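Here is the structure we will look at, set down as structure tokens.
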Amino acid sequence: MRLSLTDAEALARAALAAAGASAEMAARTAEALVQAEAAGQAGHGLSRVPQYAAFLRNGRADGAAVPRIVNERGGAVLVDARHGLAYPALALAEAEAAWRARAHGVAFAGVTNSHHSGAMGLPVARLARQGLVALAFTNSPAAMPVPGGRRPLMGTNPVAAAFPRRGAPPLLVDMALSEVARGKIMVAAKEGRPIPEGWALDAEGRPTTDAQAALSGAMLAMGGTKGALLAMVVELLCCALTGAAFGFEADSFFQDEGNRPRLGQALLVVDSGALAGAEAFAARIEAFVAAMAAEDGVRLPGSRREALLDEARRSGLDVPEALHARLIALAAA
């Protein structure tokens, strides 16, 4: 089923509203999911609507929640998502971080009592289009052990960063810190295929190539100990500073019922004018881009995302028939 971005957003918004989301929450969430879908990140796209609807119906997310600022000082601000879906709180944090970075040179916006936050490249890309350097972090329900550990304590803890360019899309990096997406392990388990060594541990903390055993165990961080330590940094940034729940305190998103996850997110935003200056920053960025482009086969980070977005704006989204039918049923509920 081919849908325009406008129609896809309207359908997602109606499905979320029918499940109990406020008009603002439904609109912010639908916009983010459609943008992720259009950018080629289907795992954070329209397939999340049924999951979010179940969370709203089961009380894992409060559809009436209105985020609010609960603490602030200079360039620092803390937003309480109040157990709602993450996107309205992230929008507030993004707006606060933008003006505070311009006023103070740098800003840190934390979000607490939050939920699944989808593609973290979206807010940093928007901030970069305003001429700001932006980094985003989030924790998630436990999936990976700490270095030397066996049981999951940390999430896959995505990191995103965007660097503005003049007259061109920003350079954009958006990645989870696990060696591989859990979805790949789930597909391998469904098909009865083994997984490569180094992807996961079984429930006893032993390295495994059995995909089914991996689903009962823990995923491994990319880069081994170094990746696990980076995931720990994200966990502490998002939780210790904001008062949010750690990954091991949040129930899995792969089940409709469970606790309110109370996750944390963080935006770190810098105005280049406060350091070497906007002109020097732009020149340095372009010097690096030129050096990258001089090598055959090098693709600028974020370029594929921009191409997919442009194509989706022109020709819409190809939504699987089963998912389309599910969304229609949810919207009519």
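Laboratory data are not the source of any read-out in this text; all were calculated from the coordinates shown. The structure presented is a predicted model; accordingly, all values stated were derived computationally and were not measured. Glycine also receives a Cβ, built like all others from the backbone with ideal geometry; neighbour counts cover every protein chain displayed.
Numbers at a glance
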quantity: Relative exposure of His83, His104, His116, judged by other C-beta atoms within 10 Å (fewest first); calculated: His104, His83, His116
quantity: Cβ crowding within 10 Å averaged over residues, with 107-115, 142-150 ranked highest first; calculated: 107-115, 142-150
quantity: Global form of segment 18-80, assessed from the alpha-carbon gyration tensor, a/c cut-off 1.5; calculated: oblate
quantity: Positive-end residue of Pro261, Gln212, Leu241, charge dipole of segment 203-333 with Cβ unit charges; calculated: Leu241
quantity: Antiparallel %, DSSP beta bridges [both residues in the chain], to 5; calculated: 90 percent
quantity: Average Cα contact separation per residue, the chain, under 8 Å, 6 or more apart, as relative contact order %; calculated: 23 percent
quantity: Exposed GluC sites (Glu not before Pro) absent: longest stretch of the chain, with sites in DSSP loops and at most 15 other Cβ within 10 Å deemed exposed; calculated: 1-196
quantity: Highest-fluctuation residue, Pro123, Pro169, Pro67 considered, GNM on the chain with Cα pairs under 10 Å; calculated: Pro169
quantity: Length-normalised contact order of segment 15-159 in % [C-alpha pairs under 8 Å, at least 6 apart]; calculated: 17 percent
quantity: Sequence-separation-based contact order of segment 143-294, relative, with Cα cut under 8 Å and 6+ spacing, percent; calculated: 21 percent
quantity: Helical contribution to [θ] at 222 nm, DSSP H n ≥ 4, -39,500 (n - 2.57), averaged over the chain, rounded to 500; calculated: -13000 deg cm²/dmol
quantity: Principal semi-axes in Å for segment 58-187 [√(5λ), Cα gyration tensor, largest first]; calculated: 26, 21, 14
quantity: Pairwise label distance in nanometres, Val289 with Leu230, each label 7 Å out on the Cα-Cβ vector; calculated: 2.4 nm
quantity: DSSP bridge orientation in segment 67-199 - percent antiparallel, rounded to nearest 5; calculated: 75 percent
